[in-house]
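Scroll down for the structure; my scribbles are underneath it.
The values are calculated or read from the model by the stated rules, or taken from the named source; none is laboratory data. Note that this is a predicted model, so its numbers are computed, not measured. Here Cβ is always computed from backbone atoms with ideal geometry, including for glycine, and neighbour counts include all displayed protein chains.
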Amino acid sequence: MSDVSDSRVRLLKTVFVVYYHADFAQGKQFLLDFGLTGTEPYVYIARQGESVNAFGGAAYVVESRELEKAHTQFGATALHSINGPGAGEQATLTDPLGNPTHLIWGWQEMKAQSLNLERLTVNYEYQKPRKGRFQRFKPGPAPAHRWGHYGVTYTEGTYESKYNWYTTTLTLAHSEFPANPHQPTNVAHTSFEVHHYDIQHLGHDYLTPNGYKICWRVGRHDLNSQVFDYWFDPSEIMLEHYADGDLVNIETPIAHVPAGPQALSVWGPPVPPVF
């Protein structure tokens, strides 16, 4: 249930992102090879753009009362029915720099499909819990569960208003503050969670021979800890597979670190110029 003492819009979980593609047809094939799947009716909405790519916002599930709160207290659009798989209702907020935040209630999730993705049992040098059992994997796309985060950069002087909007309008909190004052305003990438590292690397090997453009090969972030693998789709939209990310709460200490190679990667290839 919602905390009635909290005036912010309470978010329950992430559901989908929206992108406008300069090359819609090739973008569709990339997304299939990227492995988007899950129990949500959809996790990615691809639309034909004009001549450039554009971020169309990210969506979160909320309780029904939060839709009305978003409309009356924070100026969200009026409620409207979702015409698509899962149905439900939607209202949309807009952040100070024009990025939409979609709030969803009442849509019907699909029955989870069994992908036979087992939890790994790892043998260490002095502990060998996996006895007489084998690690066997099948080549193919890495099934992506749902989007976990999207990375946003801002020009100097706009960060404060953006940060204040997200933390006073929505129930979002921070765990790290990487600082780089020279980035342009942009939604840099969207990241999708996969089951574990081996599945992630199988997905990498599946995308590689298909001629897609790699952005940053497999490595592990220092901040958030996850194993990453960044790709460009044919329209130069950056998407990430990640596995084994941190789980934090309000009691987790906040880190303040300078943005740079040491903050971005603890192992892996050199940080690409786009970062």
> Which condition does GLN127 not pass, out of (1) at pLDDT below 95; (2) in a loop (DSSP other than H, G, I, E, B); (3) exposed (fewer than 10 other Cβ atoms within 10 Å of the Cβ), if it passes all the others?
Replying inline: (1)
> Would you pick out the residues in the range 218-236 that are out of contact with any Lys or Arg (no Cβ under 9 Å at 6 or more places or on another chain), over 15 Å from ALA142 (Cα atoms) and assigned to a strand (DSSP E or B)?
Replying inline: GLY219, ARG220
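Yes/no matrix, rows are residues, columns are (1) more than 14 Å from the chain's Cα centre (by Cα); (2) under 22 Å from PHE55 (Cβ atoms); (3) of a type in the set (Val, Ile, Thr); (4) at pLDDT below 95:
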| site | (1), (2), (3), (4) |
| --- | --- |
| ALA188 | no, yes, no, yes |
| HIS204 | yes, no, no, no |
| THR208 | yes, no, yes, no |
| ASP222 | yes, no, no, yes |
| ASP229 | no, yes, no, no |
| PHE232 | yes, yes, no, yes |
| HIS241 | no, yes, no, no |
| GLY245 | no, yes, no, yes |
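Residue by residue, here is whether (1) crowded, with 19+ Cβ neighbours inside 10 Å; (2) of a type in the set (Asp, Glu) holds:
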{"residue": "GLU251", "(1), (2)": "no, yes"}
{"residue": "HIS256", "(1), (2)": "no, no"}
{"residue": "SER265", "(1), (2)": "yes, no"}
{"residue": "PRO269", "(1), (2)": "no, no"}
>> Looking at the range 255-268 only, could you name the residues that are at pLDDT 80 or above, in a loop (DSSP other than H, G, I, E, B) and either in contact with a helix residue (DSSP H, G or I) (Cβ under 6 Å, 6 or more places away or on another chain) or among the aliphatic types (A, V, I, L, M) (or both)?
In response: VAL266
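So that you can scan it fast, the table gives a plain yes or no per residue for (1) within 20 Å of TYR212 (Cα to Cα); (2) exposed (fewer than 15 other Cβ atoms within 10 Å of the Cβ):
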| position | (1), (2) |
| --- | --- |
| VAL9 | no, no |
| LEU36 | yes, no |
| GLY56 | no, no |
| ALA78 | no, yes |
| ALA87 | no, yes |
| THR101 | no, no |
> Of these, THR121, THR101, which one is hydroxyl-bearing (Ser, Thr, Tyr), in a loop (DSSP other than H, G, I, E, B) and at pLDDT 85 or above?
Replying inline: THR121
>> For the list (1) surrounded by fewer than 18 Cβ atoms within 10 Å (Cβ to Cβ); (2) out of contact with any helix residue (DSSP H, G or I) (no Cβ under 6 Å at 6 or more places or on another chain); (3) not in a loop (DSSP other than H, G, I, E, B), I need the number of the one condition that LEU239 fails.
In response: (1)
> For TYR212, which of the numbered conditions (1) over 20 Å from PRO139 (Cα atoms); (2) modelled with pLDDT of 90 or more fails to hold?
Replying inline: (1)
>> Take the residues in the range 132-163 that are free of Cβ contacts under 8 Å to residues at least 60 places away in the same chain, within 21 Å of the chain's Cα centre (by Cα) and not in a strand (DSSP E or B); name whichever of them is surrounded by the fewest Cβ atoms within 10 Å (Cβ to Cβ).
In response: TYR163
> Counting only residues that are exposed (fewer than 15 other Cβ atoms within 10 Å of the Cβ) and among the basic types (Lys, Arg), how many does the range 61-76 have?
Replying inline: 1
> Hey, does the range 106-122 have a residue that's crowded, with 18+ Cβ neighbours inside 10 Å and under 21 Å from the mean Cα position of the chain (by Cα)?
Replying inline: yes
>> So, restricting to strands (runs of 3 or more DSSP E) that lie completely within the range 1-87, which ones have at least 2 residues that are among the hydrophobic types (A, V, I, L, M, F, W, C), at pLDDT 85 or above and over 30 Å from ASN116 (Cβ atoms)?
In response: 54-61
